[in-house]
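Input: a single structure, listed below in C-alpha cells.
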Amino acid sequence: MQLHCTRPNCPSPSNHFSDLDNPKISRPLKQKFCSACRMELILGGRYLPVSVLGQGGFGTAFLARDFDSPTQRRCVVKLFQPPVTLTPQQMATAQRLFAREAEVLERLGLQHPQIPNLYAYFPLPITNPLTNQLEELFYLVQEYVDGEDLEKVRHRQGKLTEAEVDKVLRAMLDVLDFVHSNGAIHRDVKPSNIIHSQNGRLSLLDFGAVKEVTTPTGVQRGPTTICSPDYAPPEQIMNGTVDATSDLYALAATCVVLLTDKDSSELRDSSSNSWNWRSEARVSPGFAQVLDRMLRAKPSDRYPSAKAVLAALSAGSSQPPSVPSPLVTPPTPVASSAPPARPPVQPAPQPIQPLSLPRFLGNAAFAGAEGGLLAIAAISLLGTTFWGGGVWLAMLAGLVLLQARRVIEGTDLVIIAGLTLAAVIFFPPLHNLLVGGLSMILVVTVMAGGLGVAIAVIFRLIFRLVSRIM
C-alpha cells in the first residue's frame, strides 16, 4: 500500500509498505514512518493517507483509508496548515475556525445527507526536524464524497443549462436553509465547494469558514479573509459583515458562473456592484429574476432566507423544464445479464517532489564516488578496452537512473557505496591495475565524488540560466 506523508514540505512524501496489503495483518497496526522525514504515517492509529486531494491557504486534504472499518472505507483527512506569515492573533482565529469546522460537521453532518459526516478530530505532536522544537499539527477526518466538484464540471463541460443550474440552486437552498436554521452561516459557497457525487446527490463541502450566529440581529461583524472574493457579497469583502443573505448571494454568483462559463470578474462591475450576465446565458425571464434579486448589492434588497427563494421558484417565478437533465451525462448502457462491475478508484499519481539542495549534492557525490570505484573495478577486470568502458558506463547509467526514480535514496546510497568500496579493497582482482593500494583507492574515490558534485552544480546552473532565458 502506498502511504503519503502529511508533514508539510516533506521532500519525498511517497512511501510503500507491502505488508499493509495483507488482509491478515495483525491489529492494532504497528506505526509506520516516512523514509524521508521520519513523520508518523498512520494517523490516530487507523487512518492511512494515500494521496493528496487538494491544497488551500489553510491546509491540505488527503484521501485516506480507515483501516479499522470493515471495508477500509475511504475518508478525507484534512491537515490544518495556516500560512507562517499570520500574526499570533490571526493564527488563533484560524485555529478556532478549523475547530469550528469539526464542531459544525459533528453537529450537522449526521442530520443532513448533503453535509459530510465527521469521523475524528485530533492533534498530533511532532518534532520539527529543522528547529528540533515540539510542534502540534491538527487533523480532521470526515466522510469522503466520491464525485466531481462543479468547478471541474464547468471546465470539462462548459456552460451548464438552466435545468442543470436549477437543480444545483434548489439542492443548495435546501442545505443552506438547514444550515441557517441551525444558527450557522457557511460564508464560502462556490462551485469548488459543491460536489456532484456518483449517486447524483449534490453536497456542500468545506465548512471551515462557517460562523455561528450569536448577535440578536443574526449578523456577524469583523474583518475576515476566509472567503472567496469572486463569489462573496460586497459587505463581506469590505468589512466582513455576513448574514444568511450572504450565502444566498454567493450561491447566485455560483449559478451565474455555471450558466455563462465566465469568471465573475467578467460579469460583475465592481464599481457599481452590479452583474451583467443575462446576454451570456439562455435562461427563462423568471429564473433570471430570481438570480438577479439574490445578487443585489444591499442585503435588505435580497430574499431574506433560503425558504423565500424556494418559495419564489415553486410559485412559478422560474419555469425550468419539467425533467431536468443530469449534470453528468451517463454512459450508454450495455445489455448484460449481470450488473457491470465498478472499477476500483485508483489514487491519482503524485508528482515526484524536487530534491533539496543538500540531497541533490549528496546524490551527485554518491554518483561520482561510485563511478570512480566502478571504473577501478572495470579497468582492473577488463582493461582499458571497449568492453571495459562500456560495462562501466552501463553500470553508472543504471545507478543514476535508479537515483532519478527514487528507487535508491537516503541510507541506500551509503550502504551501496560502502559495499562497493569494501569489494574493491578486499578483492584484489578489482584493483590490481591501480598502483598505491588502499590510499590510492580512497584518493580516486574522493576525487571522483568531488568531480561528480562539480559537474552536477555546473549543469544545475546552466539549466537555471537556460530556463530564465526561455
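The values are calculated or read from the model by the stated rules, or taken from the named source; none is laboratory data. Source: prediction; values computed, not measured. Backbone-built Cβ (ideal geometry, glycine too); neighbour counts: all protein chains shown.
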Grab the strands (runs of 3 or more DSSP E) fully contained in segment 1-111, keeping just those with 1 or more residues being hydroxyl-bearing (Ser, Thr, Tyr).
14-16, 47-56, 59-66
Looking only at segment 15-38, count how many residues are under 24 Å from residue 121 (Cβ atoms) and within 18 Å of the chain's Cα centre (by Cα).
0
Filter pass, residue 18 being among the hydroxyl-bearing types (Ser, Thr, Tyr), exposed (fewer than 14 other Cβ atoms within 10 Å of the Cβ) and at negative phi
yes
Looking only at segment 113-144, and only at residues there that are among the aromatic types (Phe, Trp, Tyr) and surrounded by 15 or more Cβ atoms within 10 Å (Cβ to Cβ), the one that is nearest to residue 200 (Cα to Cα):
144
Top-ranked residue in segment 71-107 [being among the β-branched types (Val, Ile, Thr) and crowded, with 20+ Cβ neighbours inside 10 Å; ranked as modelled with the lowest pLDDT]
104
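Can you tell me which residue is nearest to residue 168 (Cα to Cα) among those in segment 252-275 that are in contact with a Leu (Cβ under 7 Å, 6 or more places away or on another chain) and either at pLDDT below 95 or not polar (S, T, N, Q) (or both)?
My answer is 255.
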Would a scan of segment 145-159 turn up a residue that is small (Gly, Ala, Ser) and exposed (fewer than 12 other Cβ atoms within 10 Å of the Cβ)?
yes
Residue 197 is checked against (1) of a type in the set (Gly, Ala, Ser); (2) within 14 Å of residue 115 (Cα to Cα); (3) modelled with pLDDT under 90 and fails just one. What number does that condition carry?
(3)
